[in-house]
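Please read the structure below before turning to the comments.
What follows draws every value from the coordinates through simple rules; no lab data is involved. Values in this document were obtained by computation on a predicted structure and should not be read as measured data. When we count neighbours, we look across all protein chains shown, and the Cβ atoms used for this are built from the backbone with ideal geometry, even at glycine.
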Amino acid sequence: MTPEDLYDFRFLADAQISPDGTRVAYVVRVIDREKNAYRSAVWLVPADGSAPGRQLTFGPGQDALPRWSPDGRRIAFVSDRAAATDAKRKPRDVFVLSLDGGDSRRLTSFAEDCGDLAWAPDGRHLAFTVKEPKAAEAADDAPKVYDRVRYKTDEGFLLDGRRRHVWIADADGGGEARRLTDGDWDDAQPSWSPDGRDIAFVSNRTGARERNTVADVWVAAVADGAVRRITDERGSYGNPSWSPDGTGIGCYGVEEAIGSSAKNVHVFTFPAGGGVGRDLTASWDRTVGSAVMSDMRSHVQMLAPVWTADRSRVVFVGSDRGTANVYSVPAAGGEVRSETVGAHQVVSLSLSSDAARFACVLSDATDPGNVAAGELGRSMRTLTDLNGELLRGRYLAAPERLELIGADGWPIEGWLMKPRGFDPSRTWPLVLEVHGGPHGAYGHGFFHEFHVLAGRGYAVLYTNPRGSQAYGEAFSAACVGDWGGKDYADLMLGVDHALAWPWVDARRLYVTGGSYGGFMTNWIVGHTDRFRAAATQRSISNNVSAFGTSDIGWHFWEHEMGDASPWKDPARLVERSPLTYAPKVKTPLLILHAERDLRCPIEQAEQLFVALRLHGVETVFVRFQEDNHDLTRGGKPRNRVEHCRRIADWFDAHA
């Protein structure tokens, strides 16, 4: 596997089963190497695997978010095709394609991207979200004025104060789209009630919304836009869906928004008229959603909870020890049951109207993803072979699962990829990979970077130290207030375990990681000289400045650093900042960072680079233009290839 192989991958982004469960619409994304950009199209495949998939949409742009009409005769999607030739702006509008034949019909014409598509139960309307239109075009060099702490996001860069709201459009293209919600807040994730009279959505409308991370479920009346709040203004909830009889609303969330990053996400139901909610998965010490990471996709889509046909159970995707599978729980709460089993990652789950059949994107450590379908509680069948030809021509290291012992005797799960041409009679270099989050997780997900390193002749060790998700909430929260403490010890004990294998060359150890994994890489080289070279990606080096420069720093850092801020226990922020230990670093370090990264701002890399160069450390700083924190998962194709190549070349140069 080479860095350049990325250009030939077909990326699977979505899989939506038809209401009758007979067909699956999915999105295939490919790279246009000449334009250094992506193209994507909607495809269709029979759910029984009786025929290969066929392409439904065509064009030079990106088609995404296919959603079936209730009668299964049409598919709505968003596309930038109307502006694909405009180099300045490519807004995604809503289109509808009839499967009976004919061209796609364009329903909207906005200057901003439409998203969160949802069909009305009668198939006559579509709900979606879009930002407010601009009042007037401002000059490109006009000053930007802010009066709120949330003035930037890594996804949206510098914000302009306009809010995203729920809109409704006629599915047949009649009349103008109308805005349903309004106000100085963002609204998202619309979900129609069974009778079509109401739409549930997610919004933070608290008085202190600029200083908290609350997310509430609200309901708006379709007729007049009148709203009512369903949840309690304390937690963080999302992905609402209605019970079949319309009396309840299911959602995912945590009961206290503060520190939610380290908590298990649960399945809740609330009365549709408002009232006390019920935590259906209170006794399940795992998390809803796929915590398993991959560099083949940007963000894992979350299916809203879905009731089975007999209304007895609620279906969702959950994570457990490096896997992500389909689960269900009694509608009244109780014991969680596995509906799929396997060492893999289920992504983008969708269910038929009777909730008996499902489709998903199915991925594992040696396959970045294919469309799969099945029935709840039974085995799945794979319907596509998107990257088979490429993968069959490359060395793929099947990971070996490891049971490690971390600090305090805690069990730690890990995996090892052996290098191409492995011979146990020889000695081999080993790379330690550290995941981000810190509350993400490695597992049965595909990493192009790992396979490139294995192909170059490196063993690749990756583990889930304390702080990782899907091992219980106490395990996930164990690194809070202790970054660089026992999480660091867990990682080093994993390396010690590997050094017991006679074929590992103790003189050729390397380390890399991104985001929190970049923080940990920086921390490692400031606390040990055991690694021959290191590569830090989109990292954190200074907790004090990150507090005010990261788009989430003002709430995330205070919690993660153990209730510390620049004015409350600043000494702790300094003591747990890798920059503090720059004078001790001797390990050659490659610093890789995107210039538009607002999650871990590039000033973090700049500070570390200057400090290390002044202390005489061999350090190279690579800045990637135009991309943000998501560079390695969805950034410019050439940047992704160059990023991967430089890591492998850096380790090769320090053999």
Ranked packing of 28-39, 142-153, 543-554, most packed first, by mean Cβ within 10 Å: 543-554, 28-39, 142-153
Relative contact order of the chain, pairs being alpha-carbon contacts under 8 Å that are 6 or more residues apart, as %: 10
Fully extended contour minus Cα-Cα distance, from ASP48 to ARG638, at 0.36 nm per residue: 208.6 nm
Estimated distance in nm for a label pair at GLU34 and THR528, the labels positioned 7 Å out from Cα along Cα-to-Cβ: 5.0
Net charge of Cβ neighbours under 14 Å - reference VAL504; Lys, Arg +1; Asp, Glu -1: +2
For region 288-321 versus region 582-652, the gap between their alpha-carbon centres in whole angstrom: 33
Normalised alpha carbon radius of gyration of region 395-653 [divisor 2.2 N^0.38 Å]: 0.95
Only Lys, Arg (+1) and Asp, Glu (-1) charged, at Cβ; the chain dipole about Cα centre in debye: 920
Additional length obtainable on full extension of the chain from ARG337 to ALA223, 0.36 nm per residue less Cα span: 37.1 nm
Sorted by Cβ neighbour density within 10 Å, fewest at the top, the residues ASP490, ASP172, ASP184: ASP184, ASP172, ASP490
Dipole in debye (nearest 20) - region 395-653, about Cα centre, beta carbon charges: Lys, Arg +1; Asp, Glu -1: 800
Lysine pair count for the chain [Cα-Cα under 25 Å; pairs on different chains or 8 or more apart]: 27
Region 208-252, dipole about Cα centre (Lys/Arg Cβ +1, Asp/Glu Cβ -1), debye to the nearest 20: 140
Three-way shape label, region 500-641, alpha-carbon gyration tensor, a/c 1.5: oblate
Net charge of Cβ neighbours under 12 Å - reference VAL267; Lys, Arg +1; Asp, Glu -1: +2
13 Å beta-carbon shell around GLY250, net charge (K/R +1, D/E -1): +1
